[in-house]
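A.B. asks: Below you'll find the structure I mean.
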Amino acid sequence: MPIATRAFAAVASDQPLRPYSLQRRDPGPADVVIDIQYCGVCHSDLHAVKNDSGGTRYPLVPGHEIVGVVIAVGDEVARHKVGNRVGVGCMVDSCRTCPSCAGGEEQYCQTGTTWTYASRDPGGEAVGQTQTQGGYSDRITVDQAFVLSIPDNLPLDAAAPLLCAGVTTYSPLRHWKVGPGSRVAVVGLGGLGHMAVKLAVAMGAEVTVISTSDRKKADAERMGARHFLINRDREAMKAAMGRFDLIINTVSATYEISGTLSLLGLNGTMVMLGLTTEDLPVRAMPLIMRRRSVAGSLIGGIRETQEMLDFCGQHNITSEIELIAPDEISHAYERMERSDVRYRFVVDMSRLSAES
């Protein structure tokens, strides 16, 4: 039988999220049913709810930083058992056969990744659901291939943001081979930035945080950053020219990045992680003169996400969070738009039943 599910959903771009009921599919042979305990709040949730890119279909249940406990499994499930601590990130399926999927990078599926919310839901017909609905809910049914194991030593609430913010920063650090001796700068100390700092430090890098003010300098140093650079300080920026091998840029706003590019050394790369719907102006000369690159990166595949979770377990890395109730999500969105969160909101889904 379909699984009755309580949730919080957006019903329009200009209205607060509200209680919502939906049906999850009964588990098939390869499915895992999860009792969701916590769900992180990502800035992309806000973009989707506000319909910033167009195409949002309401009602929409956001949330793709999902952690909880397995409560049922299909007959063919071997990876997970009832009672296991598990997570679900940004994806719940892919074609599994294209070169990207075969290479363990399902986020780049050439047929089209099935995202945790707002994608066509091929398994939803049986319960009258045309699009996937996310983790601001108390239950979810997911194929075992897209369910991750959460290390036992990590608290579930603070582990939730690892499913997006964690792997989004871990993946480029691994791809550009960060390790002892690497000089890494992180632009912006927010939900993504603070994870980039913690992960890069654990990999052995010398980390610098670049920000607009010294408001978060003490936090950056506590997380392991060796240096703190204010980008409005022209002399300090000039002194840092050519210093870094890799810059992780987490800023979502549009700005002229050539000044930051000049901080890269020969063959250095700036990786853009912040979502913006506008073009980023880039001048050719700073790229040409030092063979610099500007690149992008999108979350990580399932295999890499599990690797990241295991790495965080080994190094006791979690996100720094503010725990909120479901009826506080809309207020949290308002604070996110003001950059007023240190450093990730997480929704306590156990408080859903009392409110919906």
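A.B. asks: Show me the three semi-axes of the equivalent ellipsoid for region 10-55, from the C-alpha gyration tensor (sqrt of 5 times each eigenvalue), largest first, rounded to whole Å. Working shown, then result.
C.D. replies: Values: eigenvalues 140, 33, 30 Å².
Semi-axes from the Cα gyration tensor: 26, 13, 12 Å.
A.B. asks: Could you compute the FRET efficiency for LYS177 and GLU221, with r as their C-beta to C-beta distance and R0 at 30 Å, rounded to 0.05?
C.D. replies: Calculated transfer efficiency: 0.75.
A.B. asks: Just to confirm my numbers, what's the Cα centroid distance between region 66-127 and region 304-356 in Å?
C.D. replies: Centre-to-centre (Cα) distance: 21 Å.
A.B. asks: Let me ask something else. Quick one: what are the phi-derived ³J(HN,Hα) couplings along region 123-135, Karplus 6.51/-1.76/1.60 with θ = phi - 60°, whole Hz, x for glycine and proline?
C.D. replies: x, x, 4, 5, 10, x, 10, 8, 10, 5, 10, x, x
A.B. asks: Also, I was wondering about something else. List the lysines whose alpha-carbon lies under 20 Å from that of LYS238, not counting same-chain residues fewer than 8 positions away?
C.D. replies: Straight-distance partners of LYS238: LYS217.
A.B. asks: May I pose another question? What full-extension length gain, to one decimal in nm, is calculated for ASN51 and SER119 as 0.36 nm per residue of separation minus the Cα-Cα distance?
C.D. replies: Values: separation 68, 0.36 × 68 = 24.48 nm, distance 1.43 nm.
Answer, rounded to one decimal: 23.1 nm.
A.B. asks: Which value in nm describes the separation of the simple spin-label points at ALA253 and ASP348, placed 7 Å from the Cα toward the beta carbon?
C.D. replies: Between ALA253 and ASP348, the simple spin-label model gives 3.3 nm.
A.B. asks: What full-extension length gain, to one decimal in nm, is calculated for ASP75 and THR130 as 0.36 nm per residue of separation minus the Cα-Cα distance?
C.D. replies: Working: separation 55, 0.36 × 55 = 19.80 nm, distance 2.56 nm.
In short, 17.2 nm is gained.
A.B. asks: Against the longest alpha carbon principal axis of the chain, how many degrees, from 0 to 90 and to the nearest 10, is the axis of helix 191-202 turned?
C.D. replies: 70
A.B. asks: Right, next: Near ILE140, within a Cβ-to-Cβ distance under 14 Å, what is the net charge of the other residues, with Lys and Arg +1 and Asp and Glu -1? Write out the running numbers ahead of the final one.
C.D. replies: Details: positive: ARG6, ARG24, ARG25, ARG139; negative: ASP26, ASP31, ASP35, GLU65, ASP93, ASP121, ASP138, ASP143.
Result for the neighbourhood of ILE140: -4.
A.B. asks: Evaluate the distance, in nm, between pseudo-label points positioned 7 Å from the Cα of ASN153 and of ASP340 along their respective Cα→Cβ axes.
C.D. replies: Rounded to a tenth, the inter-label distance reads 3.7 nm.
A.B. asks: Here is a further query. Could you tell me which trypsin sites (Lys or Arg not before Pro) in region 1-51 are loop residues by DSSP with no more than 16 other beta carbons within 10 angstrom of their beta carbon? Present the calculation step by step, with values, prior to reporting the outcome.
C.D. replies: Values: sites: ARG6, ARG24, ARG25, LYS50; in loops: ARG25, LYS50.
Filter output for region 1-51: LYS50.
A.B. asks: Related question: What do you get for trypsin sites (Lys or Arg not before Pro) in region 263-356 restricted to DSSP loop and a cutoff of at most 13 other Cβ within 10 Å of the site's Cβ?
C.D. replies: Working: sites: ARG283, ARG290, ARG291, ARG292, ARG303, ARG335, ARG338, ARG342, ARG344, ARG351; in loops: ARG283, ARG290, ARG291, ARG292, ARG338, ARG342.
Qualifying residues, ordered by number: ARG283, ARG291, ARG338.
A.B. asks: A further question on this structure: Residue-wise, which Karplus ³J(HN,Hα) couplings in Hz belong to region 281-298, taking 6.51 cos²θ - 1.76 cosθ + 1.60, θ = phi - 60°, and x for glycine or proline?
C.D. replies: x, 9, 8, 6, 4, x, 6, 5, 5, 10, 6, 7, 10, 10, 10, x, 8, 10
A.B. asks: Please arrange VAL201, VAL67 by accessible surface area, largest first, computed with a 1.4 Å probe and ligands excluded. Kindly include the intermediate steps, with their values, before the conclusion.
C.D. replies: Numbers: VAL201 50, VAL67 0 Å².
Result, largest first: VAL201, VAL67.
A.B. asks: Along each of its three principal axes, how wide is the spread of alpha-carbon positions in region 110-158, in whole angstrom units, largest first?
C.D. replies: Between the extreme Cα coordinates on each principal axis of region 110-158 lie 38, 28, 16 Å.
A.B. asks: Tell me, what is the percent relative contact order of the chain, built from C-alpha pairs under 8 Å that lie six or more residues apart?
C.D. replies: Numbers: 837 pairs, mean separation 67.0, N = 356.
Relative contact order, the chain: 19 percent.
A.B. asks: Round to the nearest 10 and give me the degree value, 0 to 90, for the angle of helix 302-315's Cα axis relative to the longest principal axis of the chain.
C.D. replies: For 302-315 against the chain, the angle is about 70 degrees.
A.B. asks: Determine the sum of side-chain charges near THR116: Lys and Arg each +1, Asp and Glu each -1, restricted to other residues whose C-beta is under 13 angstrom from that of THR116. All intermediate terms of the calculation are to be shown ahead of the outcome.
C.D. replies: Details: positive: ARG24, ARG120; negative: ASP45, GLU65, ASP93, GLU106, ASP121, ASP143.
Once positives and negatives cancel, what remains is -4.
A.B. asks: So if we plug the beta-carbon distance of GLN15 and LEU323 into 1/(1 + (r/R0)^6) with R0 = 35 Å, what FRET efficiency do we get, rounded to 0.05? Mind showing how you got there, number by number?
C.D. replies: Numbers: r = 24 Å, r/R0 = 0.69.
About 0.90, to the nearest 0.05.
A.B. asks: Would you compute, from DSSP H runs of 4+ residues alone, the mean residue ellipticity of the chain at 222 nm, taking -39500 (n - 2.57) per run and dividing by the full residue count, rounded to the nearest 500?
C.D. replies: Values: 11 runs with 83 residues, N = 356.
Taking each H run of at least 4 residues, the total per residue is -6000 deg cm²/dmol.
A.B. asks: Right, next: Can you give the FRET efficiency to the nearest 0.05 for ARG303 and ARG234, using r as the Cβ-Cβ distance and R₀ = 35 Å?
C.D. replies: Details: r = 44 Å, r/R0 = 1.25.
For R0 = 35 Å, the calculated efficiency reads 0.20.
A.B. asks: Return the sequence-ordered ³J(HN,Hα) values of region 154-168 in whole Hz as given by the Karplus equation 6.51 cos²θ - 1.76 cosθ + 1.60 applied to θ = phi - 60°, using x for Gly and Pro.
C.D. replies: 9, x, 4, 5, 7, 7, 3, x, 4, 5, 10, 4, x, 6, 4
A.B. asks: Given points 7 Å out from each Cα along the Cα-Cβ axis, report the ALA295 to ASP214 separation in nanometres with one decimal.
C.D. replies: Roughly 3.4 nm, to one decimal.
A.B. asks: Now for a different question. Taking amide H positions as placed 1.01 Å from N in the peptide plane, with prolines and chain starts having none, which residues 5 or more places from GLN129, or on another chain, fall under 5 Å of its amide H?
C.D. replies: none
The values are calculated or read from the model by the stated rules, or taken from the named source; none is laboratory data. Source: prediction; values computed, not measured. Note that each Cβ is placed from the backbone with ideal geometry, even for glycine, and that neighbours are counted across all protein chains shown. Ligands, DNA and RNA are excluded from the accessible area calculation, which covers all protein heavy atoms including side chains. Shrake-Rupley method; radii C 1.70, N 1.55, O 1.52, S 1.80 Å.
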